[in-house]
Amino acid sequence: MEPLHLTDSEWRERLSPEQYAVLRQKGTERAWTGPFLDDKRPGVYVCGGCGTELFPSTTKFDSRSGWPSFSAPVESDAVELHEDRSHGMVRIEVTCRACGGHLGHVFPDGPGPKGERYCINGCALEHRSDGAAG
């Protein structure tokens with residue numbers, strides 16, 4: 001996967017204000033307000049910044065957290081994990097490996113084989129049916 005490097009101005013042109021605040025400024029959408037929270041369509045969720053495939057719909061589950069949650073990424077190298085010590089707590093941040101966009105955080109309380117819950121901002125994602133470009 002080829003890294004995507006854009007200037008701040010190019011990111012602002014490419015993204016909505018909400019996407020920019022989350023993906024480029026490490027913001028968080030308000031719980032229960034983002035797209036894809038109740039989405040059950042088959043396919044793949046891709047980065048809203050660069051289109052990289054991130055999470056297959058088969059790993060999506062209802063965590064009742066207020067954000068879309070996944071038990072695993074489509075490939076382990078689709079995302080990068082970073083220690084996040086902001087807001088007076090220690091968490092693990094999830095970013096898109098291709099563009100560095102902030103996606104959300106991963107927690108050790110999920111249902112998957114590794115027990116992970118990728119808690120992802122819906123506005124940082126787009127959905128593609130069956131992995132097809134769209």
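The values are calculated or read from the model by the stated rules, or taken from the named source; none is laboratory data. Everything quoted here is computed from the prediction, not taken from an experiment. Heads up, the Cβs are rebuilt from the backbone with ideal geometry, glycines too, and the neighbour counts pull from every protein chain shown.
Looking only at residues in the stretch 65-87 that are assigned to a loop (DSSP other than H, G, I, E, B) and of a type in the set (D, E, K, R), which one is farthest from the chain's Cα centre (by Cα)? That would be 85.
Within the stretch 75-131, the residues that satisfy the criterion of being on the phi > 0 side of the Ramachandran plot and surrounded by 13 or more Cβ atoms within 10 Å (Cβ to Cβ) are 100, 104, 131. With respect to the conditions (1) farther than 23 Å from residue 33 by Cβ; (2) in a strand (DSSP E or B), residue 106 lacks only one, and its number is (1).
Within the stretch 1-26, the set of residues being surrounded by fewer than 17 Cβ atoms within 10 Å (Cβ to Cβ), assigned to a loop (DSSP other than H, G, I, E, B) and at pLDDT 95 or above comprises 16, 25, 26.
Could you please let me know if residue 65 is farther than 15 Å from residue 126 by Cα and touching an Asp or Glu at 6+ places or on another chain (Cβ under 7 Å)? Criteria not met by residue 65. Condition check: touching a residue at least 40 places away in the same chain (Cβ under 8 Å), in contact with a strand residue (DSSP E or B) (Cβ under 7 Å, 6 or more places away or on another chain) and assigned to a helix (DSSP H, G or I). Does residue 46 satisfy that? For residue 46, the condition - touching a residue at least 40 places away in the same chain (Cβ under 8 Å), in contact with a strand residue (DSSP E or B) (Cβ under 7 Å, 6 or more places away or on another chain) and assigned to a helix (DSSP H, G or I) - is not met. Filter the stretch 116-131 down to the residues that are at pLDDT 95 or above and of a type in the set (Asp, Glu), then identify the one that is nearest to residue 43 (Cα to Cα). Out of the qualifying residues, it is 126.
Inclusion of residue 31 among residues that are farther than 23 Å from residue 129 by Cβ, part of a loop (DSSP other than H, G, I, E, B), of a type in the set (Gly, Ala, Ser) and out of contact with any strand residue (DSSP E or B) (no Cβ under 9 Å at 6 or more places or on another chain) is warranted. For the stretch 1-36, the tally of residues that are touching a residue at least 12 places away in the same chain (Cβ under 8 Å), small (Gly, Ala, Ser) and more than 21 Å from residue 80 (Cα to Cα) stands at 3.
I want to confirm something. Restricting to the stretch 85-99 and keeping residues that are without any contact (Cβ under 8 Å) to a residue 24 or more places away in the chain and of a type outside the set (A, V, I, L, M, F, W, C), which single residue is nearest to residue 45 (Cα to Cα)? So the residue we want is 95. Residues of the stretch 68-83 that are modelled with pLDDT of 95 or more and either touching a Leu at 6+ places or on another chain (Cβ under 7 Å) or among the hydroxyl-bearing types (Ser, Thr, Tyr) (or both): 68, 69, 71, 73, 74, 78, 79.
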